[in-house]
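Read the structure below first, then the notes.
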Amino acid sequence: MIFIRSVYPTIPSLILCIVLTFQVKAQAPFIQNYPPEAYRGASQNWDVMQDAAGIIYVANNDGILQYDGLHWRLIPLPNKVFAYSLALAPDGKIYVGATNELGYLSRNSSGQINYTSLNPLLTKKTSQIKTVSNVRLVGKKVVFQTREKVFVYQNGDFQVFNYRANDVFIVQERLYFRKQKQLLEYTQGTLKPTNALKGFDLSQLKKIIPLTRERWLLVDYNNQFWLRQQQQIKQVYKPFNKALKQRNIIDVHPLSSDRLAIALYRELFILNKSGEIIYQLNQQSGLVNSRINGLWEDHQHNLWLATNYGVAQLMINSPITQYTKRNGLKGTIYSLGQHHQYTYVGTNWGVFFKTPNQRLFKQVRGVIGDNWNFYRFNNDLYLANGSGVYQIKDSTATRLASFTYVHSLHQLRNFKNRFIVGTYSSGIWLLHKKGTQWVKKKIKGFEQETRFIQEDMLGDIWIAHYNKGVYRLKLNSQLDSVIQKDFYDQSKGLPSNKNNRIYRRKNGQIIAATTKGFYNYNAIQDRFLPVHALNVALKGQYCVYTFQEDAKGNVYCWLGQSSPHNKETAGLLKKQTDGSYQLVTNVFNNIAVPTNNVRVDIDAPILMLPNGKVWIGNLKRLLVYDPEQASSIDQTYQVLIKQVQANDSIIFRYGSQSKTFELPYTNNNIKVFFSAITYENIEQTRYSFQLNTFQQKWSDWSSDPKVSFTNLPEGKYTLKVKAKNIYDKESLVSSFSFVILPPWYRTWWAYTLYVIGSIALIFLIVRLNSIRLIKQKITLERIVQTRTEEIRAQNEELQQNQDEILAQRNYIEGQNKHLTHQNNLIQQSIKSALTIQEALLPFDSRIGKFLSDYFVVYLPKDIVSGDFYWIEKIDHQIFIIAADCTGHGV
């Protein structure tokens, strides 16, 4: 068995009875609970705070818990003592009060958080610290409070005062002590009397809560609240004071917008500036635990609670709150209604009501079952119920007529006490009042399911069927028969035969909510046409289930979306000055419901209240939207680059002081972890990043809070990261700059060596080439010399040969001249012989005497032939001779 230590006395049973009678619950903000299983620490938590970056710190029995929106981390204290109180200093240090321990948390140059104990600065006399239940900053001084002592720390020194904790008051930058009926102010190391609370019974002073420097809220031991302003003190919050008279106030914490958080024993109240209760919360309201030990308003103006069992975050700054079964509601919500000071919720269980002064819903007497719609006719409230038509007065319902599954009602414009009743299976009926009795009568000619009924300016009745389309009916003058029925489906302009719902606008125009937005009936074309102004804002992405138009022309609706996400959500079509509309859905993102597809049978009633708030029924919860607080979601926040790893080695932690990170080329695989400091629906936070040089555009949004880069080339890089929270609000951009150094073979000194080496190599090549050329020159000179000598020898030989040739030539020329002379002589002899030979040979005329057909072939080799021919006729015979005259024969 685990025993949880308590620092508060047990309240007597009589007081508990008083408490229970006062415990009526209001609407609740959305609550995020963190039980011990979530943060893996001890159950008891004593204080909570947030640093400048937005990181949450919790004083826990195991030490100090740190939470960045994604991960919890435990920072243990020396000897594993309990941590009780925390305070943030302007320099970022977090001062800690613990069991027998004073100290602070700070980050070192590498971003790691370390704890530094201040105990060694205390003397032996003051070293008995015990439990430090409160730590606060007073200017540049740090005040540590225990039950019996006050330790004032400044510039490395402590000053100790023996005052009980309930006699010490810290008011912004001023420290006060109560000594009997006198108030003392700590000034320059001494205590001096002050008249700051002149006229107030100091013996009854329990707490001072600074609202501003000069406006203080005082709480006395009777739990009465007083306001000190301009040296005057008057009682405030009187109605609330009476309720708290027998209660134990644990803490009072001023909030933004002049709100006040009051932690009681097992309950939390949040008041507005008028002292009216906005929220009254306890464990039955959804808190993880209602023993509240510490409170903190974060940067988004939501409230954190340190409790006896876990940590809780209250979204008190959200424009949407909710009523659930904890507020007395039962069943699935089908309808909403309002009449006078009563507001009603119709469910499949019954009808529930509340008044402005009533925190808990109560059930209306006289009606049970399915309650489909409320209608206000003639300043009375009527109800369409599964068993008939009811009239509701205050907290009682009276059945006017019995029907089987009444879905809708409509009062005929020209007939004060006559209603059209639409049923699930028996068509439509006429219900009219005769005297004090209500009479029902079947209207013939229409037997379809009737879910929605409207009447246009001409008196025609419009009826929507979930799965078929829309009908227009004309009734006879007796209102008992349909004399004309027109049907409109896809062939008549509607985008689908399913999910068509008929509504009437403030200007009397009939409008259909469809699977593709809004459609108006056009009488000239006798078909439905898109409502351009509304549908442009919807961008064709939404199926519309509910339509409610306010006096300014703004339209509230419940929407179904299939792309890019399957979900259902509320939406506001905000009318602009030029007549166009702007769709607002981000403010409703935290109530969106994931779906598998766009469904047809959806009931999400919307009711606009006179105070400007909007009620939205969704399944088993009633959502309350406050338009005046819609801007609260537009809070700036940071995304922290928590850690950077290079090849699995941590090179950066958030809070590191180094500005330049240079990484060797071997560490060019980078992994970066980040976290958005936004704590509402953190699972829907998305991230985008951009790494210059690599990316010209931001990455797509992703829920992954880390990114990896591999094999980055050398160069200078800046990684930018941003986040988008559940409301689509982008964070401030965070960046991390680093340098990937080139590999050694691409460094400047390597390139210098390359240049020097290249020059040396060129020089060596030139030198070697010069040596080679010199050697080659010497070799060539030797070759030239050898060749020259050879040529010289050859020239001498040639000269000698030339002389011999000249001699031979001269000899030959002499012989040639001799031969030429001899040849001339021979030629002359031959020519003489030729003359003789030609004289001896017969002429052609002589041969022609003897022969008529002949030829002579006579071809001497030289000028004179050694042969000859001859012809002669002797005694009638012709002799022809061819003879050799050189003696060789013929």
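One residue stands out in the range 735-775 among those that are among the aliphatic types (A, V, I, L, M) and not in a helix (DSSP H, G or I): the one that is farthest from the chain's Cα centre (by Cα), namely 741.
Within the range 347-358, the set of residues being hydroxyl-bearing (Ser, Thr, Tyr) and part of a strand (DSSP E or B) comprises just one member, 347. Every listed requirement among (1) modelled with pLDDT under 95; (2) in contact with a helix residue (DSSP H, G or I) (Cβ under 6 Å, 6 or more places away or on another chain) is met by residue 504 save one, (2). Of the strands (runs of 3 or more DSSP E) entirely within the range 286-346, those holding at least 1 residues that are over 21 Å from residue 612 (Cβ atoms) occupy 292-297, 303-307, 310-314, 333-339.
Residues in the range 868-883 that are modelled with pLDDT of 75 or more, of a type outside the set (Val, Ile, Thr) and at negative phi: 869, 870, 872, 873, 877, 879, 882, 883. Checked against the criterion of being touching a Pro at 6+ places or on another chain (Cβ under 7 Å) and either modelled with pLDDT under 95 or more than 23 Å from residue 270 (Cα to Cα) (or both), the range 336-347 has at least one qualifying residue.
State whether the residues of the range 149-158 include one that is within 26 Å of residue 253 (Cβ to Cβ), part of a strand (DSSP E or B) and touching a Pro at 6+ places or on another chain (Cβ under 9 Å). Within the range 149-158, not a single residue is within 26 Å of residue 253 (Cβ to Cβ), part of a strand (DSSP E or B) and touching a Pro at 6+ places or on another chain (Cβ under 9 Å). Cβ separations smaller than 8 Å between residues 6+ apart or across chains give no pair from the range 600-628 residues that are without any contact (Cβ under 8 Å) to a residue 12 or more places away in the chain to residues that are part of a loop (DSSP other than H, G, I, E, B) and surrounded by 15 or more Cβ atoms within 10 Å (Cβ to Cβ). Filtering the range 448-465 to residues that are out of contact with any Leu (no Cβ under 9 Å at 6 or more places or on another chain) and either under 19 Å from residue 518 (Cα atoms) or surrounded by 13 or more Cβ atoms within 10 Å (Cβ to Cβ) (or both) leaves 448, 449, 450, 451, 452, 454, 456, 464, 465.
Scan the range 421-447 for residues that are aliphatic (A, V, I, L, M) and touching an Asp or Glu at 6+ places or on another chain (Cβ under 8 Å) and the total you get is 2. Among the residues making up the range 100-135, those that are farther than 29 Å from residue 653 by Cβ and either aromatic (Phe, Trp, Tyr) or in a strand (DSSP E or B) (or both) are 131, 134.
Residue 247 meets all of the listed conditions (1) under 22 Å from residue 269 (Cα atoms); (2) modelled with pLDDT of 90 or more; (3) basic (Lys, Arg); (4) surrounded by 17 or more Cβ atoms within 10 Å (Cβ to Cβ) but one, namely (2). Hey, does the range 131-148 have a residue that's on the phi > 0 side of the Ramachandran plot and touching a Lys or Arg at 6+ places or on another chain (Cβ under 8 Å)? No: zero hits.
Among the residues making up the range 280-327, those that are of a type in the set (Gly, Ala, Ser) and either more than 19 Å from residue 258 (Cβ to Cβ) or free of Cβ contacts under 8 Å to residues at least 40 places away in the same chain (or both) are 285, 286, 290, 294, 306, 310, 312.
Between 434, 442, the distinction of being modelled with pLDDT of 95 or more, among the basic types (Lys, Arg) and not assigned by TED's automatic domain parsing to the domain that holds residue 555 belongs to 442 only. Please verify whether the range 719-726 includes one or more residues that are over 12 Å from the mean Cα position of the chain (by Cα) and of a type in the set (S, T, N, Q). No, the range 719-726 has no match at all.
In the set (1) in a strand (DSSP E or B); (2) more than 17 Å from residue 544 (Cβ to Cβ), residue 479 fails one condition alone, (1).
Would you say residue 709 is without any contact (Cβ under 8 Å) to a residue 40 or more places away in the chain and touching a strand residue (DSSP E or B) at 6+ places or on another chain (Cβ under 9 Å)? Answer is no for this residue. Note on the range 491-533: among residues that are under 18 Å from residue 460 (Cα atoms) and of a type in the set (Ser, Thr, Tyr), the one that is nearest to the chain's Cα centre (by Cα) is 519. The residues of the range 692-718 that are aliphatic (A, V, I, L, M) and either modelled with pLDDT of 95 or more or farther than 21 Å from residue 643 by Cβ (or both) amount to a single one, 707.
The residue that is nearest to residue 236 (Cα to Cα), counting only those in the range 260-285 that are among the hydroxyl-bearing types (Ser, Thr, Tyr) and part of a strand (DSSP E or B), is 279.
Can you find even one residue in the range 666-686 that is touching a His at 6+ places or on another chain (Cβ under 8 Å) and not in a helix (DSSP H, G or I)? The answer is yes; a qualifying residue exists.
Cβ-Cβ contacts under 8 Å between residues 6 or more apart (or on different chains), taken from a first residue in the range 350-379 that is over 30 Å from residue 270 (Cα atoms) to a second residue that is among the small types (Gly, Ala, Ser) and not in a strand (DSSP E or B), are listed as 350/331; 350/369; 365/395; 369/386; 369/387; 370/386; 371/386; 372/386.
Under the condition of being touching a residue at least 24 places away in the same chain (Cβ under 8 Å), at negative phi and surrounded by 13 or more Cβ atoms within 10 Å (Cβ to Cβ), the residues counted in the range 169-195 number 10.
For the range 443-464, a residue qualifies if it is within 17 Å of residue 411 (Cβ to Cβ), part of a loop (DSSP other than H, G, I, E, B) and of a type in the set (Asp, Glu), and the qualifying residues are 456, 460.
Of the residues 468, 492, 516, 485, which is surrounded by fewer than 19 Cβ atoms within 10 Å (Cβ to Cβ), closer than 26 Å to residue 374 by Cβ and in contact (Cβ under 8 Å) with a residue 24 or more places away in the chain? Residue meeting the stated conditions: 468. The single residue among 539, 552 that is over 24 Å from the mean Cα position of the chain (by Cα), among the basic types (Lys, Arg) and either surrounded by fewer than 19 Cβ atoms within 10 Å (Cβ to Cβ) or at pLDDT 95 or above (or both) turns out to be 552. Mind telling me which of the residues 506, 441, 485 ends up being of a type in the set (Lys, Arg) and more than 20 Å from residue 419 (Cα to Cα)? Going through 506, 441, 485 in turn, just one is of a type in the set (Lys, Arg) and more than 20 Å from residue 419 (Cα to Cα): 506. A residue that is surrounded by fewer than 17 Cβ atoms within 10 Å (Cβ to Cβ), part of a loop (DSSP other than H, G, I, E, B) and free of Cβ contacts under 8 Å to residues at least 40 places away in the same chain can be found somewhere in the range 636-658.
The values are calculated or read from the model by the stated rules, or taken from the named source; none is laboratory data. Because the structure is predicted, anything quoted here is derived from the model rather than measured. Cβ sites come from the backbone with ideal geometry, for glycine too, and all protein chains shown count toward neighbours.
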